[in-house]
1. Out of (1) at pLDDT 90 or above; (2) more than 30 Å from Tyr159 (Cβ to Cβ); (3) surrounded by 18 or more Cβ atoms within 10 Å (Cβ to Cβ), the odd one out for Asp32 is which?
2. For the stretch 163-194, what are the residues that are hydrophobic (A, V, I, L, M, F, W, C) and in contact (Cβ under 8 Å) with a residue 40 or more places away in the chain?
3. Could you list, in sequence order, all residues of the stretch 205-233 that are among the basic types (Lys, Arg) and without any contact (Cβ under 8 Å) to a residue 24 or more places away in the chain?
4. I'd like the full set of residues that are over 19 Å from Leu91 (Cβ atoms) and β-branched (Val, Ile, Thr), limited to the stretch 152-181.
5. Restricting to the stretch 55-77, name every residue that is more than 23 Å from Ser221 (Cα to Cα), open to solvent by less than 20 Å² (accessible area, probe 1.4 Å) and modelled with pLDDT of 85 or more.
6. Arg83 is checked against (1) touching an Asp or Glu at 6+ places or on another chain (Cβ under 7 Å); (2) within 30 Å of Leu162 (Cα to Cα); (3) modelled with pLDDT under 90 and fails just one. What number does that condition carry?
7. Can you tell me which residue among Val168, Val246 is at pLDDT 95 or above and either under 17 Å from the mean Cα position of the chain (by Cα) or more than 14 Å from Ala80 (Cβ to Cβ) (or both)?
8. For the structure I just gave you, tell me whether Leu149 is modelled with pLDDT of 90 or more and farther than 25 Å from Trp220 by Cα.
Amino acid sequence: MAIDWNLSTCGRSGHATYAPDEPELRARLEADTPAGHAWRCLRCGTFVPGAPAGSGPAAAAPEVPRGRLLRDRRIMRLLAAERLLRALVLLLAGVLVLVFRDRIGALRAGYEKDLGLLAPLAGQLGWNVQDSKVVQLVDRAFTLSPTTLVWVGLALLAYAALLTVESVGLWLVRRWGEYFSVVATGIFLPLEIYELTERVTWLKVLLFLVNLAAVLWLVWSKRLFGARGGGAEYRREHETESLLTVERSAGER
């Protein structure tokens, strides 16, 4: 069963009505009903009783996405939420690295003390703690210099900021956000491929597939970098999907 994105959005967020100043166009968007004077919703096309939500020249009417464009907006906001989640994880990681750098001496002493107490108990259970991947990772972290830790922390924070900007652009459905997302994500795809050649994990594969799908979908769907007619065709598509544009064209015939 196909989802009617127009009706589902209107049911959740309310109808989008508008009274244009142009008499002929205005007449096509209003009607008298048993429930009173009604205005046609620019999203779902239903006549809604009551005063319009806005009025003015047709050219000043708000853009109301419909149909496929509305579905695309949902997808972009899902991508924005996923990018924001990554940004929060990286922000936390960056802060932890910088805190670790400032307290590395005390942390190393506490770690070695606790590990010394845990090792005999683990040995009785037949487990060599030195074979643990977590222990090896912590040991490797303690070998890093304070300067290296600062650069790692700053790199994580910078990447978190990049993802935050990308998330904002996608959530607001801005053209610059679409381009920014493709460029920012595409730059790291070769690095992700290299990491997969070094060691394959399900998380790496999942993140790579999400990023690759996002880049391909944005370029194709949003006609970026001249794809499928580029920006001119993208604007024409938006105008064609607009109910106000359709009604204006119908009135001019």
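The values are calculated or read from the model by the stated rules, or taken from the named source; none is laboratory data. These figures come from a predicted structure and were not determined experimentally. Cβ placement follows ideal geometry from the backbone for every residue including glycine, while neighbour counts extend to all protein chains displayed. Note: areas computed on protein heavy atoms with side chains; ligands, DNA, RNA excluded. Shrake-Rupley method; radii C 1.70, N 1.55, O 1.52, S 1.80 Å.
1. (3)
2. Leu163, Val168, Leu170, Trp171, Val173, Val182
3. Listed by number, the residues that qualify are Arg223, Arg228.
4. Of everything in the stretch 152-181, just one residue is over 19 Å from Leu91 (Cβ atoms) and β-branched (Val, Ile, Thr), namely Val173.
5. Passing the criteria: only Gly56.
6. Checking Arg83 against (1) touching an Asp or Glu at 6+ places or on another chain (Cβ under 7 Å); (2) within 30 Å of Leu162 (Cα to Cα); (3) modelled with pLDDT under 90, the one that fails is (3).
7. Val168
8. Considered against the rule, which asks whether it is modelled with pLDDT of 90 or more and farther than 25 Å from Trp220 by Cα, Leu149 comes out as no.
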